Structure formats: C-alpha cells, structure tokens
4 protein chains.
Amino acid sequence: MTVVVVGNPKPMSRTRAAAELIAHELSGRAPTAVIDVVDLGAGLLGWGDPKVAEAKATVLGADSLVVASPTFKATYTGLLKLFLDQFGQGELGGIPTFPVMLGAGLQHALAPELTLRPVLVEIGASCPAPSLYLVDSEYATAPELAIWLESARKFVPAVTP
Amino acid sequence: MTVVVVGNPKPMSRTRAAAELIAHELSGRAPTAVIDVVDLGAGLLGWGDPKVAEAKATVLGADSLVVASPTFKATYTGLLKLFLDQFGQGELGGIPTFPVMLGAGLQHALAPELTLRPVLVEIGASCPAPSLYLVDSEYATAPELAIWLESARKFVPAVTP
Amino acid sequence: MTVVVVGNPKPMSRTRAAAELIAHELSGRAPTAVIDVVDLGAGLLGWGDPKVAEAKATVLGADSLVVASPTFKATYTGLLKLFLDQFGQGELGGIPTFPVMLGAGLQHALAPELTLRPVLVEIGASCPAPSLYLVDSEYATAPELAIWLESARKFVPAVTP
Amino acid sequence: MTVVVVGNPKPMSRTRAAAELIAHELSGRAPTAVIDVVDLGAGLLGWGDPKVAEAKATVLGADSLVVASPTFKATYTGLLKLFLDQFGQGELGGIPTFPVMLGAGLQHALAPELTLRPVLVEIGASCPAPSLYLVDSEYATAPELAIWLESARKFVPAVTP
C-alpha cells in the first residue's frame, strides 16, 4: 500500500525510477500506485479537476508515501508543489512519508530536509526518517541509499499478507 | 522600471494589489509591468512557451523586482515556483528583489525569509532588505509595512527622470 | 523514560515548565530526567567536560525526548545549540524526539519545524510528529497544545509498567 | 572598516583564515578588526559581560561584516549563535553583511543561505550577495570563491582614503 508521488516535468523520469526503487526496497513489494504528477496536466492549475481528485484519493488511501522531486532552483519543483497545494492542512492525517530529492551534485543535499519535508508535514505527513537526497547519476548504487534504507525501513507499516 | 511578479492562482488578487502598492511606495511610481503568473496558463507546464518567454524578458529587463505570493502550505505557491523554475541559476544577475508574502495569520511570517528568498537568490536576485510578510486582511494599514518601506526604499535604484 | 532538554539561559524557565508539562502529557508520567542546559555552564564551550558527558549519557539512554527552546533571533538559542553540537551525526540512533519552541508571538511559529528539527534529525533524532510552537504567555491553555498532544501521543513508546 | 566575526570553537582556525582572506579580497585591505568569538569565553553565557560589550561595539561600528562559521550539525555553531543572541532585533541597522560557512564536504552547501543568513537578517544585517559556502580543505583555491568575490565586491562600501 505504498504510493509514489513524482514531481518531475519529464514523464517516466529518473526521479520516478528512483522513487519506485525506494518504495520497493522499503516495503518489500512494488508500489501499489505511482502518481507521475506531470500526467495530471493543466488540471493542476485550478481546483476540482477529476483526474487531480482521483490522484488525491489514491494518495489519501496509502499507508505509506514516497514523495520525490528533482532539484530545481535548490528545492522541489513547482510542478510537485502545484499538486501538494491541492491538499488541505493536515489532510494526510499522519501517513508515514519519505521525502526524496535527486540532484546533479551534492551541493543541494540539504534541500529535502529543509524545504520539501516542511511542506509535507504541513499537509499532515509524518516523516519519521531523515529526508533522502541522491545524486541522480548514481542513485541506485549510492552507499548512502543502502544505509538510509536500513534506518527508514522500520517506519514502514508491516504488510499484511 | 520596477516589475511586479504575482503568484496567486486567482487573477487580480489581493496579493497583486499589495505587490503593486509596495512597488509604488518603494519607487515613487507605478510598476512598469505586472506579471500575474496565472495569466500564463498551461505554457508554464513546459518549456519554450512564447508568453512565458515574453514574461521572462520583462523580468530580466527590470531594475528592481517585487515578487509576491500568497501562503500555501506554509510557503510560496506552486504556481509561482513554476514560473521561477523557468529561470536559470544566477540568471537575474543581481537585480534588487523584494520577496513578499501574504497570509491569513501571523503564524507563517517566517516563510518569505526562510523559503521564498533562497529560491530568488538561486536564480540571481539580490535581496538586500528583509523579506516582507503581511496579514492579508490588513496589509495596507499594517504598521510593519510603513516601517519596512522606510528601510527597503534605500535599496531601490534611483529613477532617472 | 522521557528525557527533557531545555535550552533557556534562564534556569527554571517557563520553557522548562512547558517542556515538562508536554513530556508528562505525552507519556502519562513525569519525565525521568530534565537537562536544563544552562546548568552545564562553561563546560559547554569545550569538549570532554564530565557534567556534559553525563548529560549526554542521560539523553542517549532516553526512549523519547522533548527538546525545548525559547525563540532567540527567530530560531533556537545558541545555548541549546552548544549542547547539541556535542553529539555526533546520527548519534541519537532514531530516538523519537519532539521539538518544541516558545516565543512571545505567533510570528515565529515556523521556527521549530524549519530550524530546530533539522538539527535534531542531523544528530539522529526521529521526529514523527509536527514540531510544536507555543506563545509563551498562554502555553498551558493553548488549544493547539491539546490538538498537538492528541496527534503526537501515538509516537511515544508505550511505558512498560 | 570591514569587521570579521568567527564562530569556531578552535581559536585561530581555518574558518578565521578564510574569513580574513575574504574580507581582504572584498574591500582591498585587511579587516579593521577580527572577533574570534571563542576568545570571549564564559561571558557569552550571560548578559552584560564587558568583553562581549566591547566586541558588540566593534561590530556595530563596522561598515561591512564577514560572519563566518564552520558547519556543525549541518548549520552554524552554537558558539557563533551565542554571540549573535547578544544583539537585539534589527540592531545592525542594515550593515552590509556576508555570511560564510566552511565544511568538510559539499553536502552542506545550502546551510549558509538557509540557516545563517536568516539569523543575521533578524538582527538587522543587509545581505545583498548570495551566502558563501566553501569546502574547508581547498577554500583558498576554490573557483567558486573567485566567482563569488566578483559578484559580492560591488556591495562593499567604497573605502575613503
């Protein structure tokens, strides 16, 4: 019941691949749904779009979330924020949530903890693990990914078979 | 030559009125242009849209900027960030820039300094004054506006008549 | 087994009283220890002081932490940071930790989430609940305290009798 | 009239050497004073210490400031914050101020802009240039130092001979 949210303006991005990998490694199975926010299109610019509403419902039904963004201007993308703006304060109701950002180099490594996580907390996420930043060219093999997974895994609700 | 950028999903918003007032008070004349980002529409979701390019050119030609957003999820809007994501790192080349946010209550007063300003600095803004936060129901009469204008005004380039 | 850490330069401060109340309300019993950082004195300015080492050991033995600071210059105090600087990266090993700040007015309400929590996460805290900010003149009766306790309580390890 | 403030618990640190170099490069002459905060000792833990008062007066008499810290727990040191806590809100009255942090690696590069600068702004600094982060092992030869100096230099008040 892990849902992945990806805020990369390019569909089927490396951000998405990384987030799916992380969701799988965290929960032991593929995510039940992936919201590639770019697919929601211009409906994100207003309120009440049915595709956006459906994506929101998928998120609200998750028992854990991986929310991933590439780094644009030293923080998350405007595209991801458009989607997060559709949620009310506290609406996530404490769903365990893992903020993840990918970037070209280490210099933005503080961005997920200092900028993405507070937005997720504002809409009701519980972020019990440190936020994760990965250099995009080597995300799958980064030693920090393995270390992070070790510590984050214990916060994922057990899967009932 | 002050340009105003407004990131409220509602056109002709109170955010816009406040930003125009501030630009006028800072420079002694009405802003030369107002970019109400919502007018740019779905072109913001990609790259290379001609209306977006024109708006960018207007911003890059300014000699000072007021960049204003309502507070969504304790920070600037996704809509504003979509537009800022269109700029390259350092592209503003040091234009004096005044970050402004309006919100329903005082509890988000740190948001412009801690969240909006770093994005503007990343795209090359010089932000010599403290960032400004105003409670939206009383922005025009807030005593902190007058105090802020006093200190911010000295950073606005003198108008050549 | 809840330990309280207080970073107010005034001993026996309102910050301390608030943190003790919160620890009690969270866990159903008085905190097992209170570190009033000011009591550690000049030993905080170096490394290896025995009183500081003892305080660190108390913190590391906790099964939950309330870390509280008054708001100085829109963030936590230098005094609290002196103590936190004594910990290594990740040293807390995931202890559930609740960042709390008190301030004179609502305008610094974002400070605990945006400034204190990242420091605690860096030294290994797990912060599953939103950070808490209280206006100091009315902390005990603030409705947001009751609401916050409701949501935070579920992250406190059950007390074995 | 550039004053340097250094918040490294080790006296005569690399942080200090870097800050002095930067002050010299910015203004074309050696700083008029260097406050190595660690020299102020235990007087920093209270209020009204004469050495601290003298250091404050030196800072308040500057016409530009370089404020430098090593990176501890992904942000400035508690030692530096102790000194900054001695200033009132807005007390610097708009002195052009350059926040600088040194760290072991690039992963904390966002710390000066996101964490140190807001504290300086709160006590009245004007920070017109981007905040500077340098990897400590190579600070003097880092290409980003030369680029940063180019853009920051124009904000330093001209020296009257």
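Highest mobility in the GNM of chain C, judged by mean-square fluctuation with C-alpha springs under 10 Å and restricted to C:A33, C:A42, C:A19, is found for C:A42.
When you filter the trypsin sites (Lys or Arg not before Pro) in region D:21-120 for DSSP loop state and at most 13 other Cβ atoms inside 10 Å of their Cβ, you are left with D:R29.
Antiparallel beta bridges, as assigned by DSSP with both residues in region C:59-136, represent about 10 percent of the total such bridges. Placing unit charges on the Cβ atoms only, positive for Lys and Arg and negative for Asp and Glu, gives the protein assembly as shown a dipole magnitude near 0 debye about its Cα centre.
Roughly what % antiparallel, to the nearest 5, for the DSSP beta bridges in region B:2-155?
Working: 1 of 21 bridges.
So the antiparallel bridges amount to about 5 percent of the total.
The distance separating the Cα centre of region D:1-78 from that of region B:31-47 comes to 44 Å.
Taking chain B as a Gaussian network, where each spring joins two C-alpha atoms under 10 Å apart, which residue of B:D63, B:D85, B:D36 fluctuates the most? Fluctuation is largest for B:D85. Sorted from greatest to least, the principal axis extents spanned by the alpha carbons of chain A come out as 42, 40, 26 Å.
Closest approach of a chain B beta carbon to the axis mapping chain B onto chain D (residue, whole Å): B:P128, 2. Build a GNM of chain C with springs between Cα atoms under 10 Å apart, and of C:F98, C:F83, C:F72 the one that fluctuates most is C:F72.
Counting alpha carbon pairs within less than 8 Å and at least 6 residues apart, what relative contact order, in whole percent, applies to chain B? Value for chain B: 24 percent. Scaled against 2.2 N^0.38 Å for its residue count N, the alpha carbon radius of gyration of region A:68-153 is 1.07. Solvent-accessible area of C:W47, all protein chains in place: 150 Å² (probe radius 1.4 Å, heavy atoms, ligands and nucleic acids excluded).
Give the ranking of B:S137, A:S13 by solvent-accessible surface, highest area first, calculated with a 1.4 Å probe.
So, going from the largest accessible area down, we get B:S137, A:S13.
In nanometres and ascending order, the distances from the A:E54 label point to those of the other copies are 3.5, 6.5, 7.4 (point 7 Å from Cα along Cα→Cβ). For the protein assembly as shown, the share of alpha carbon pairs falling in successive 20 Å distance bins from zero is 20, 55, 25, 1 percent. Partners of C:K81 within straight-line reach, counting lysines whose Cα lies under 19 Å from its Cα and excluding those fewer than 8 residues away in the same chain: C:K10, C:K51, C:K56, C:K73, D:K10, D:K73, D:K81. Modelled spin labels at C:D63 and D:R153, positioned 7 Å past Cα toward Cβ, are 6.2 nm from each other.
The values are calculated or read from the model by the stated rules, or taken from the named source; none is laboratory data. This one's a predicted model, so the numbers in the text were calculated from it and none came from an experiment. Don't worry about glycine lacking a Cβ; one is built from the backbone with ideal geometry, like all the others, and counts go over all protein chains shown. When the accessible area is computed, the model is the full protein with side chains, heavy atoms only, and any ligands, DNA or RNA have been set aside. Shrake-Rupley method; radii C 1.70, N 1.55, O 1.52, S 1.80 Å.
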